[in-house]
Amino acid sequence: MPYIKAPNSYFTGTSGEDIVKYYLKQWKIVCTPLEKSDFGEDILCDIFASSGDGKTNIRTNLSFRVQVKTTLKIEDEGYIRRTAKGFSVSISSALLQLWQKSYYPVIVVIWDLTDNRGFWCTPVEGIKNQDIFSQDTKSIHIDISNDFQSGEEEIKKYVNNYYNNLLKLGNSKYRCYIYPLWMPQYRLFTSFEILGILGNNTENYKCFLNDFLPTFITSYNNLNLGGYLACIQYIQNANSINEYLSYLKDYLMSLSIRVKDNLWVSFIISPIEIVTTNAYRVVNEVTDWTCFSKIGNILYTDFDYTFILSDMYFYTEKIRATSGDQNFIIHESGRFAVEVLTAGCNSFAQKTDNSLRYKILNRSFCLWDVSSCNENEIQQLLEWCKRKECILSYLHDKPGIVLISHHSFVVGNSGIFLPGMETWEKFDKINFKSEKFISEIPNGKLPEDNVYDNICNKYIFSHSEPPDEILTSFENALAGEALRHDARIIRFICYIKATKQNFEVEFQKISVTIEKNLESKFVEVKLDYLKYEDLNEIVLEVRPFFNISTKEVVNITEQHFLELLDYLGPFIEDSTNMAYYVKYLLDRWLPEELVTK
């Protein structure tokens, strides 16, 4: 009988890489495995700049790569040798030459699984071109003092210095522009308000035309006439982006701004630039746009404050276009998910996009009254729909009213699917509300306006104009966007398929207790049991005060929700957990180990 085999080296190799990735993630470094390429590097690493207090993390454009060499015991490997001061590792000469000429830094890590210890080095330092070609492989030295577990600071310093040398940054500074914002009204500070903050330091007062700024900023309320936005320039010498970020936070905290109760100030920060000292010529941008909020006496990035939870939660991701849009974050137990929604200002681009969606939606269907039609007339209508390649659907609670729609238009529990519009010609042709289309329908009539509005509001949520604010989740929040901390909705969700007798009675009992225990901690608490055709939901919805982070809210609430599920467990027939439904029903990625049946 043939077997599928894997050598021991496969498991030792991946084990070492997993351990190295664990430490890198603890250092706010995002790791992307490169195992599919296997051309000398194992991990692609993106550095996030972190301030001293660890509450702020901003992605930089600094990245590096890691090659991991894993062994059960270092002394037993032929290509790794002990030396008086550390280790000697054999590396391909061709690979060393590639690393020497690359535009990214590389580090090599050796990991001893027996001693559970790693060491690192920078393989190209000290190697000359003529040395590389002298033989097929070259030995590089790893100093025993280069302990990987404690090497965070030195590794980040090496990467920073690498780019400093690459970009010739020997005599340079960091710079960004700060756009203060009164929240939650989305009111940009006026020129006079910014000058009032700066006092005599007016040389750092700047203004820029809207045309050169992102649309999300130019969509905010602005009193300055002439199409420009006022801001504060902040320039500072720093040895690293982390150091500059700490200086920036200290500066923002030092600004004298009086804030009324239930309001806060957000600071939208432009991409941090490296500039020359003399003429302030821009050498490179090292971050994207970001936004801080000053909540009490602490600065947070808006994204972290709103969407980052503890390490007990795993963010799910869409696998394909048809995956569910619910941005669920799964608890490590797999028993429930958290969904975090908050309001964001609807930018011009978003308004345009939403307006187009509404137009496509309203063109894709019409409601039709067939209450006076007999069976033959209904059959004629069905045949007409078939010839037109459209669908006729009945509404369960509205007898006599049918939905005539495009074949790609579907209203379901997971949302509304709309037909794709490949060309404007197709867009113009599809209009189920046009006089021409309606005049061709063989039998029936248009329903009364009040009937039409009631059905649309219940099933389709069709609005003529997009709202000024939209709900946003962690997948579609814009970089640098100011978020409404007072408008967050945090939902704890568990799917269940079938329940036993007395479930709803017991649910009502425990609901009273849960809501009473939590009502004093939040603005609003609501516990619901929602029944659908194929699946039911237990939903605990919390609206927090603006000065409590989402992470704190979840830490307060999660135990109450777990106790709720424990109490209701005997009254639920199926034992399938929430992670299973999210992975296989919604088709979203999450760690397989969370899934149980």
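The values are calculated or read from the model by the stated rules, or taken from the named source; none is laboratory data. The shown structure was predicted, so the numbers you read here are calculated from the model rather than taken from an experiment. Every residue, glycine as well, gets a Cβ built from its backbone with ideal geometry; the counts of neighbours run over all protein chains shown. Note: accessible area is taken over every heavy atom of the protein model, side chains too, but ligands, DNA and RNA are not part of it. Shrake-Rupley method; radii C 1.70, N 1.55, O 1.52, S 1.80 Å.
Pick from segment 197-214 the residues that are part of a helix (DSSP H, G or I) and open to solvent by 60 Å² or more (accessible area, probe 1.4 Å): which of them is modelled with the lowest pLDDT?
Applying the filter and picking the extreme gives D211.
Scan segment 557-575 and report the pairs whose first residue is under 19 Å from V542 (Cβ atoms) and whose second residue is among the charged types (D, E, K, R), with Cβ atoms within less than 8 Å and a gap of 6+ or a chain change.
L562/R335; L565/R335; Y567/E506; L568/E506
Which one is farthest from P271 (Cα to Cα), of the residues in segment 149-186 that are without any contact (Cβ under 8 Å) to a residue 12 or more places away in the chain, part of a helix (DSSP H, G or I) and open to solvent by 60 Å² or more (accessible area, probe 1.4 Å)?
E154
Say we look at segment 578-597 and pick out the residues that are within 19 Å of the chain's Cα centre (by Cα) and part of a loop (DSSP other than H, G, I, E, B); which of these is surrounded by the most Cβ atoms within 10 Å (Cβ to Cβ)?
Looking at the filtered set, the residue picked out is L590.
Answer yes or no: is there a residue in segment 123-134 that is surrounded by fewer than 16 Cβ atoms within 10 Å (Cβ to Cβ), of a type outside the set (D, E) and at pLDDT 85 or above. Step through it out loud before you land on a result.
Within segment 123-134, the subset surrounded by fewer than 16 Cβ atoms within 10 Å (Cβ to Cβ) is 125-126, 128-131, 133-134.
When the remaining residues are screened for being of a type outside the set (D, E), the result is 126, 128-130, 133-134.
Next, only the ones that are at pLDDT 85 or above stay: none.
No - not one qualifying residue is present in segment 123-134.
Which number in (1) aromatic (F, W, Y); (2) surrounded by 19 or more Cβ atoms within 10 Å (Cβ to Cβ); (3) modelled with pLDDT of 85 or more marks the one condition that Y104 misses?
Condition not satisfied by Y104: (2).
I'd like the residue in segment 25-56 that is surrounded by 18 or more Cβ atoms within 10 Å (Cβ to Cβ) and not in a loop (DSSP other than H, G, I, E, B) and, out of all such residues, is modelled with the lowest pLDDT. Quick ask: steps written out before the conclusion?
Of the residues in segment 25-56, the ones surrounded by 18 or more Cβ atoms within 10 Å (Cβ to Cβ) are 28-29, 31, 41-43, 45, 47, 49-51, 56.
The next check asks that each one be not in a loop (DSSP other than H, G, I, E, B); those that pass are 29, 31, 43, 45, 47, 49-50.
Values: I29: 87, C31: 86, I43: 90, C45: 90, I47: 84, A49: 76, S50: 68.
Ranking the candidates gives S50 first.
Scan segment 393-417 residue by residue and report those that are exposed (fewer than 13 other Cβ atoms within 10 Å of the Cβ) and at pLDDT 80 or above.
If the condition is that a residue be exposed (fewer than 13 other Cβ atoms within 10 Å of the Cβ) and at pLDDT 80 or above, then Y394, P399, H407 are the ones that fit.
Does F189 satisfy being closer than 26 Å to G344 by Cβ, free of Cβ contacts under 8 Å to residues at least 60 places away in the same chain, surrounded by 20 or more Cβ atoms within 10 Å (Cβ to Cβ) and of a type in the set (F, W, Y)?
Values: closer than 26 Å to G344 by Cβ: yes; free of Cβ contacts under 8 Å to residues at least 60 places away in the same chain: yes; surrounded by 20 or more Cβ atoms within 10 Å (Cβ to Cβ): yes; of a type in the set (F, W, Y): yes.
The answer is yes for F189.
Out of the residues in segment 538-575 that are part of a loop (DSSP other than H, G, I, E, B) and more than 23 Å from D486 (Cα to Cα), which is modelled with the highest pLDDT? Lay out the reasoning, then the answer.
From segment 538-575, those part of a loop (DSSP other than H, G, I, E, B) are 544-549, 573-575; that's our starting set.
Filter again for more than 23 Å from D486 (Cα to Cα), leaving 573-575.
Details: E573: 84, D574: 75, S575: 69.
Step by step, filter segment 538-575, then rank; the result is E573.
From (1) more than 26 Å from V286 (Cα to Cα); (2) in contact (Cβ under 8 Å) with a residue 12 or more places away in the chain, pick out the condition that doesn't hold for Y228.
Failed condition: (1).
Out of the residues in segment 499-535 that are hydrophobic (A, V, I, L, M, F, W, C) and closer than 19 Å to I489 by Cα, state the one that is surrounded by the most Cβ atoms within 10 Å (Cβ to Cβ).
By that ranking, first place goes to L527.
Just to verify a result, which residue in segment 481-531, among those that are under 30 Å from L585 (Cβ atoms), in a loop (DSSP other than H, G, I, E, B) and of a type outside the set (S, T, N, Q), is farthest from the chain's Cα centre (by Cα)?
Ranking the qualifying residues of segment 481-531, first place goes to K500.
Among all residue pairs at least 6 apart or on different chains, which show Cβ distances below 9 Å where the first residue, located in segment 85-102, is under 16 Å from D136 (Cα atoms) and the second is open to solvent by less than 40 Å² (accessible area, probe 1.4 Å) and aromatic (F, W, Y)?
I91/W99
Being open to solvent by less than 40 Å² (accessible area, probe 1.4 Å) and among the hydroxyl-bearing types (S, T, Y) is the filter here; which residues of segment 559-577 pass it?
T576
Any idea which of (1) modelled with pLDDT of 85 or more; (2) assigned to a strand (DSSP E or B); (3) open to solvent by less than 50 Å² (accessible area, probe 1.4 Å) is the one Q326 doesn't satisfy?
(2)
Residues of segment 365-392 being in a helix (DSSP H, G or I) and open to solvent by 30 Å² or more (accessible area, probe 1.4 Å), which ones?
Across segment 365-392, the qualifying residues are E375, N376, E377, I378, Q379, Q380, L382, E383, K386, R387.
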